[in-house]
Amino acid sequence: MWTFFVAFSVQAQILDDSTKMKYNPASVIMQTGEEVYYNRHRYTNPSSSLTGIQSYQPLFQNGVYSQDLGNYLTPRGRVIPVTPTTIGARYGFTAFDDFAILPDSVRYFDTRSPFTSLDYVQGSKGQQRIYVTHSRNITSRWNMTALIRRMGSRKLLGAVNTTDRQAGNWSFGLSSRYYSKNARYQLLGQVISMSHLHYDQGGIVPGIADSTNNDLYDYNLSTVGLKGVTTTEKRVTGRIYQQYSIRKDSSIQVFNQLDIVSRSNNFGDPSPRRNAAFYPAIYNDSNSTVDKVTYLQSDFKLGVKGMNSFLFYSLYYKARYYKYDLPNSTVLAKEGLNTIAGGELIGKIYKSWYAGVSTEWSASTSEYVIEGSLIHKLLEVRYRQMQYTPTFQEQLYDGNHIRWNNQFNFIDLQQLTAVLKLRYKSISISPSAKWMQYKNYVYMDQFAHPAQFNNDLDVWSSNLHVAVNKRLWIFENTFQYNFTSDENILRVPETINQTRLLLQGYLFKKATFMQIGVDVFFRSAWVGNRYMPVTQQYYLGNAASPFNQLESYALFDVFLNMQVKTARFFVKMAYINQGLGSNGYMVTPYYSGMTRTFEFGVNWQFFD
């Protein structure tokens with residue numbers, strides 16, 4: 001919604017028969033569902049950029065830092081809280097979201113010829129990623145797109161052999177777009193499934209006499225806290241969106257959207273007695289643990305919207321059915337219906353200044369959200385105020401080792417963000433700041449249980465992004481400073497910095513484009529959040545324990561990227577500075593980060 005005023009059209013450029021390539025990235029255009037909803041005549045093409053192709057698993061991206069368990073495909077947790085995008089019922093399990101295809105991220109294609117994208121990445125420590133996307137138009141106005149994703153990793157800690165699996169992920173997706181001859185009617189549809197398997201290890205068990213981190217970097221020789229334990233997540237999502245323009249100028253449109261989500265999260269241990277030292281308790285069965293949580297949600301949204309040269313508006317009603325269940329427990333499922341009304345108004349107020357306001361209110365729960373924005377090409381300011389309920393997982397969990405049943409109050413949030421965008425020739429500078437104030441903030445305490453903090457909690461996060469893009473070299477740097485008003489409730493690393501410097505140019509009579517460079521990542525010391533595999537949640541670590549006090553570290557990666565026609569390649573040596581001052585680093589207490597690895601990848605696009 002915030003970039004409504006930015007709209008442009010891209011005209012496909014089909015080369016004539018005398019050229020070497022009749023079809024190219026310009027013959028394939030894509031749009032997101034959001035762009036269709038806001039009637040933006042903005043299209044993108046499949047990326048042909050070489051910059052950044054070597055960064056396929058960053059923990060710090062777009063100013064957001066996450067922690068994981070030091071290996072590819074391990075559970076992730078946001079360090080700075082992420083505010084909900086909507087009010088109403090919410091599930092709560094998010095540890096594997098970064099490896100799922102989220103419905104809002106799906107791009108709908110319109111192709112002049114069949115399009116196929118093959119993406120393959122392999123690391124010397126067993127990291128593997130395979131993405132395949134195929135898209136083609138059935139008719140000139142109807143497209144079908146299919147995709148398959150396969151990811152895997154091997155254990156770094158306490159591995160029995162070189163094929164000992166850490167995690168595996170399969171994802172499948174099918175999407176479609178259709179529009180009528182005059183484009184007054186549009187239909188978008190998608191179905192996505194994901195299955196994620198993770199072998200939980202419980203972290204490294206340090207030597208009894210060791211009160212330092214010296215024995216945390218033995219990797220394969222490490223003793224781990226859990227054996228034979230697995231976490232699985234399965235999810236299926238579906239979406240159908242339709243809109244029809246009553247008037248040709250799109251000033252009055254009706255729309256509806258149906259979303260269906262089915263998810264399940266399992267934790268299994270075939271021998272809880274063997275791992276009893278790790279668990280807080282064993283409540284039901286000492287011979288086997290099979291904790292299961294299922295969630296079903298369907299949203300039906302119906303409304304009217306429209307736009308002209310200076311204004312966009314929408315009014316809608318949304319009904320959300322939900323069912324949160326623990327089928328292996330005697331606790332009754334939570335089932336119900338949320339009714340939500342909302343609206344939005346975005347308009348041009350003066351020359352290149354735009355303002356927007358949106359709101360949602362639930363009559364069934366008394367939750368609400370109000371958002372406002374002021375937008376200019378050089379400045380963005382946004383304010384959000386909302387009252388929402390904690391997730392179902394924070395309210396209710398009943399397993400063999402951990403259980404709770406909470407009656408939490410509403411969470412109140414105020415959030416203010418500001419972004420300044422400055423550019424002079426090849427130099428761009430973008431400082432930004434975010435302030436969040438919570439009342440009744442819900443967090444995971446030192447016992448890995450949810451708790452509610454009844455006082456105000458302030459969170460500050462500021463970024464400074466600087467980029468210089470020259471013909472022969474590129475420099476980028478992002479610096480982040482974080483602060484919280486109460487470190488007994490929320491802890492964050494004070495500073496994070498990410499730097500990239502590369503040289504680039506053509507070779508072999510411009511047949512090949514090449515980049516060679518270095519990526520540097522730095523995170524300051526902090527008392528890190530620990531991880532509880534039973535509930536797939538990060539929680540506060542004991543600040544008095546030396547193993548929770550994570551030292552600062554810096555990672556240096558060197559890479560070489562190459563592009564030949566529609567094929568892009570990279571080779572990278574990650575953590576090349578291992579052994580220079582330290583033999584490792586900790587991303588999460590009791591979990592050491594990835595060792596020095598050699599990685600390579602290829603992305604190849606076909607347009608016929």
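The values are calculated or read from the model by the stated rules, or taken from the named source; none is laboratory data. What you are looking at is a predicted structure, and each value in this text was computed from that prediction instead of being measured. Here the Cβ is made from the backbone with ideal geometry for all residues, glycine too, and neighbour counts use every protein chain on show. In case anyone asks, the SASA skips ligands and DNA or RNA and just uses the protein heavy atoms, side chains included. Shrake-Rupley method; radii C 1.70, N 1.55, O 1.52, S 1.80 Å.
Side notes on the structure shown:
- Largest to smallest in accessible area, the residues HIS449, HIS401 fall in the order HIS449, HIS401 (1.4 Å probe, all protein chains included).
- All lysines inside 28 Å of LYS565 as judged from Cα atoms, apart from same-chain residues fewer than 8 positions distant: LYS20, LYS22, LYS470, LYS509, LYS510
- Here is how the number arises for the chain: DSSP H runs of 4 or more residues each give -39500 (n - 2.57), the sum is divided by the residue count, and the result at 222 nm is -500 deg cm²/dmol.
- The average projected area of region 28-117, computed from the convex hull of its Cα atoms over all directions, is 8.3 nm².
- With θ taken as phi - 60° and the Karplus curve 6.51 cos²θ - 1.76 cosθ + 1.60 applied, the whole-hertz 3J(HN,Hα) list for region 120-132 is 9, 10, 9, x, 5, 9, x, 6, 8, 9, 10, 10, 10 Hz, x standing for glycine and proline.
- Equivalent ellipsoid dimensions for region 518-608 as semi-axes, Å, which come from the Cα gyration tensor, largest first: 35, 18, 9
- Qualifying trypsin sites (Lys or Arg not before Pro) in region 132-202, where qualification requires a DSSP coil assignment and no more than 16 other C-beta atoms within 10 Å, comprise ARG141, LYS181, ARG184.
- Selection of trypsin sites (Lys or Arg not before Pro), region 441-519, meeting DSSP coil and at most 11 other Cβ within 10 Å: ARG471, LYS509, LYS510
- Translational diffusion of region 326-485, µm² s⁻¹ [Kirkwood Rh, Cα pairs; Stokes-Einstein; 37 °C; 0.692 mPa s]: 169
- Using only Cα coordinates, the Kirkwood hydrodynamic radius of region 299-417 works out to 17.1 Å.
- Projected over all directions and averaged, the alpha-carbon convex hull of region 349-443 occupies 9.8 nm².
- Within region 357-430, trypsin sites (Lys or Arg not before Pro) in DSSP loop having at most 13 other beta-carbon neighbours inside 10 Å: LYS377, LYS425
- Computed from the Kirkwood radius of its Cα pairs, the Stokes-Einstein diffusion coefficient for region 162-281 at 4 °C and 1.567 mPa s stands at 68 µm²/s.
- Cα-centre dipole for region 19-162 with unit charges at Cβ (Lys and Arg positive, Asp and Glu negative), debye to 20: 400
- Using all pairs of distinct alpha-carbon atoms, the Kirkwood hydrodynamic radius of region 286-352 works out to 15.7 angstrom.
- ASP218 versus TRP170: modelled label distance in nm, points set 7 Å from Cα along the beta carbon direction: 3.7
- In Hz, Karplus ³J(HN,Hα) per residue of region 354-368 (6.51, -1.76, 1.60; θ = phi - 60°; x = Gly, Pro): 10, 9, x, 9, 9, 8, 9, 9, 10, 6, 7, 10, 6, 6, 7
- Relative contact order %, region 189-299, counting alpha carbon pairs below 8 Å whose residues are six or more apart: 25
- When all alpha carbon pairs of the chain are counted in 10 Å bins from zero, the resulting P(r) reads 3, 14, 24, 29, 21, 8, 2, 0 %.
- Phi to ³J(HN,Hα) by Karplus 6.51 cos²θ - 1.76 cosθ + 1.60 over region 444-452, Hz, x for Gly, Pro: 9, 7, 5, 9, 6, 10, x, 9, 10
- Spin-label model, LYS234 to LEU560: label points 7 Å out along the Cα-to-beta-carbon direction sit 4.5 nm apart.
- Of the whole protein surface, TRP361 contributes about 130 Å² of accessible area at a 1.4 Å probe radius.
- Protein accessible area in the chain, 1.4 Å probe - carbon and sulfur %: 57
- Accessible surface computed residue by residue for region 366-439, with neighbouring protein chains in place and a 1.4 Å probe, gives 47 Å² per residue.
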